[in-house]
Amino acid sequence: MSQTKTLSEPTDFSDIRDWVFDLDNTLYPHHVDLFAQIDKNMTAYVSALLQMEREDARKLQKQYYLEHGTTLQGLMIHHGIDPNDFLEKAHAIDYSALTPQPELAAAIKALPGRKFIFTNGSVKHAEATAGALGILDNFDGIFDIVAADFVPKPAGSTYDKFMSLNRVDTKRAAMFEDLPRNLTVPKALGMKTVLLVPRNLETAIVEWWERTTGEDDHIDYVTDDLTTFLKALV
Ligand SMILES: [Mg+2]
């Protein structure tokens, strides 16, 4: 039986002093779909690099993503590319789909303790995204794929690196993510885990889990509205 909850219970979070947020599809909702642009840029990069048709490039891109956690990691291992050049090109996108979110900014600001962005993207992308949302000033630090030595979440070594660099007491920390697999390690480390899902899907997802077994053991909460979730905690 599922223990996953959709409404935040403030008492569950009263000891939390470090708040760790994924970036894409977590700090802004899934339907904004900024990733569609990044995805297209990555296909173009693979296509140009390997002189492949778009369709074949896309297949390889997705294969590397599945095998290595990020397309970048696959390209580094198999083709020795310059990661900084890749990140620059992948994140050359239009951020105008994002608008300032003063309520979200206030909700993050009101949380007691430190707030971090922990992303498989780049610092530049995180700053541009959080800047467009009007929430950048609310964070104490950004840990990106460069800081992770290009080893993406959900690798345990990358969480260890983030936690030790920032001296995070995982028993008093919470992690917000849109990818369930990225919450497995945080839960094992004793963190509270919150999964962000596309709007209007939270109940359906929890109900689906209730009919399956063990799928949600590492997810304490599911929400489709980060602002409302955070506001209820303070
Ligand atoms: Mg994400």
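With respect to the chain, whose longest principal axis is taken over its alpha-carbon atoms, helix 123-133 is tilted by about 50°.
Shown here is the pair-distance distribution of the chain: with all Cα-Cα distances grouped in 5 Å bins from zero up to the longest one, the shares run 1, 6, 14, 18, 19, 17, 13, 7, 3, 1, 0, 0 percent. For region 114-234, lysine pairs with C-alpha atoms less than 16 angstrom apart, excluding pairs fewer than eight positions apart on the same chain, total 7.
Computed 3J(HN,Hα) for region 106-115, one whole-Hz value per residue from the Karplus formula 6.51 cos²θ - 1.76 cosθ + 1.60 where θ = phi - 60°, is 5, 5, 5, 4, 6, 5, x, x, 9, 10, glycine and proline marked x. Amide H contacts for Gly134 (H built 1.01 Å from N in the peptide plane; partners 5 or more residues away or on another chain; cut-off under 5 Å): Gln101. For trypsin sites (Lys or Arg not before Pro), the sites in region 146-191 that DSSP calls loop and that have at most 14 other Cβ atoms within 10 Å are Arg167.
Pairwise Cα distances in region 35-90 exceed 13 Å for 54 percent of all pairs. Across the chain, Cα pairs under 8 Å and at least six residues apart give a relative contact order of 30 percent. Only DSSP H runs of four or more residues enter the estimate; each adds -39500 (n - 2.57), and after division by the residues of the chain the mean residue ellipticity at 222 nm equals -12500 deg cm²/dmol. Taking GluC sites (Glu not before Pro) across region 1-89, the ones in a DSSP loop with at most 14 further Cβ atoms lying within 10 angstrom of their Cβ are Glu53.
Stick to the Cα atoms of region 89-131, pair each with every other, and give me the Kirkwood hydrodynamic radius in Å at one decimal. Can you show the working numbers first?
Details: mean 1/r = 0.0828 Å⁻¹.
For region 89-131, the Kirkwood estimate is 12.1 Å.
Just so you know, all these numbers are worked out from the coordinates, no wet-lab data involved. All values derive from a computational prediction rather than experimental measurement. Because the Cβ atoms are built from the backbone with ideal geometry, glycine has one as well, and the counts that use them run over all protein chains shown.
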